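To keep things clear, I will list the structure first and then write my remarks on it.
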Amino acid sequence: QVRLAESGGGLVQAGGSLRLSCAASGRIFSSHVMGWFRQAPGREREWVSAIRWGVGNTYYADSVKGRFTISRDSSKNMVYLQMNSLKADDTAVYYCARARRGLSSRAAEYEDWGQGTQVTASS
């Protein structure tokens, strides 16, 4: 089991930037996939991005491609989500999680969720 803790959320004007961090305690293996999800009020949890821990390959939802960048620092057991050109539609609670088995965009395929961090982009 891996414990995850997100930080870095806040209130920003539309067009601004935020960098989310996810601190992981416990062993993350090179075969693991770490992902970011978000959930807005009244909506289902939505996959945002993922990264293969070992090789660093990255994947993005179409809605954030070109604006968000996921990265990891394996020496610190950290995962980051750099969010640029934020829009009001990006407003949500953002979660990081570890995939059970390989790459997936389905929330049910992830475990070890963090508590989430609120991101609000005001228009």
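In this simple spin-label approximation, residue 109 and residue 39 carry label points 7 Å from Cα along the Cα→Cβ vector, and these lie 1.9 nm apart.
Amide H to amide H, with H built 1.01 Å from N, residue 68 comes under 5 Å of 84, counting only residues 5 or more places away or on other chains. Using the Cβ of residue 59 as centre and a radius below 10 Å, the other residues enclosed give a net charge of +2, where K and R count +1 and D and E count -1.
Comparing 71, 9, 40 along the charge dipole axis of segment 1-92, the residue lying farthest to the positive side is 71, per the Cβ-charge model.
Within the accessible surface of the chain, defined with a 1.4 Å probe on protein heavy atoms only, the carbon and sulfur portion equals 44 percent. Excluding ligands, DNA and RNA, the accessible surface per residue across the chain is 51 Å² with a 1.4 Å probe.
Simple point charges give the picture: +1 on the Cβ of Lys and Arg, -1 on the Cβ of Asp and Glu, and for the chain a dipole about the Cα centre of about 280 debye.
With each label modelled as a point 7 angstrom along the Cα→C-beta vector, the residue 82-residue 11 pair spans 2.7 nm. In order along segment 65-71, the phi-based Karplus estimate (6.51 cos²θ - 1.76 cosθ + 1.60, θ = phi - 60°) of 3J(HN,Hα) comes to 4, x, 10, 10, 9, 9, 8 Hz; Gly and Pro are listed as x. Using equal-weight Cα scatterers in the Debye expression, the normalised intensity of the chain in log10 at q = 0.20 Å⁻¹ is -1.07.
Looking at the chain, send over the antiparallel percent of its DSSP beta bridges, to the nearest 5. Antiparallel bridges make up about 90 percent of those DSSP assigns within the chain.
Projecting the Cα atoms of 93, 119, 23 onto the charge dipole of the chain, computed from C-beta unit charges around the Cα centre, puts 23 farthest toward the positive end. Structural descriptor for the chain: relative contact order 36 percent, calculated from alpha carbon pairs under 8 angstrom and at least 6 residues apart.
Measuring from label point to label point, each 7 Å out along Cα→Cβ, what is the residue 29 to residue 73 span in nm? Spacing of the two 7 Å Cα→Cβ label points: 2.6 nm.
The values are calculated or read from the model by the stated rules, or taken from the named source; none is laboratory data. Predicted model, so just to flag it, every value in this text is computed and none were measured. Counting neighbours? That spans all protein chains shown, and the Cβs are built from the backbone with ideal geometry, glycine included. Each accessible area value is taken on the protein alone, full model and side chains, heavy atoms only, with ligands, DNA and RNA left out. Shrake-Rupley method; radii C 1.70, N 1.55, O 1.52, S 1.80 Å.
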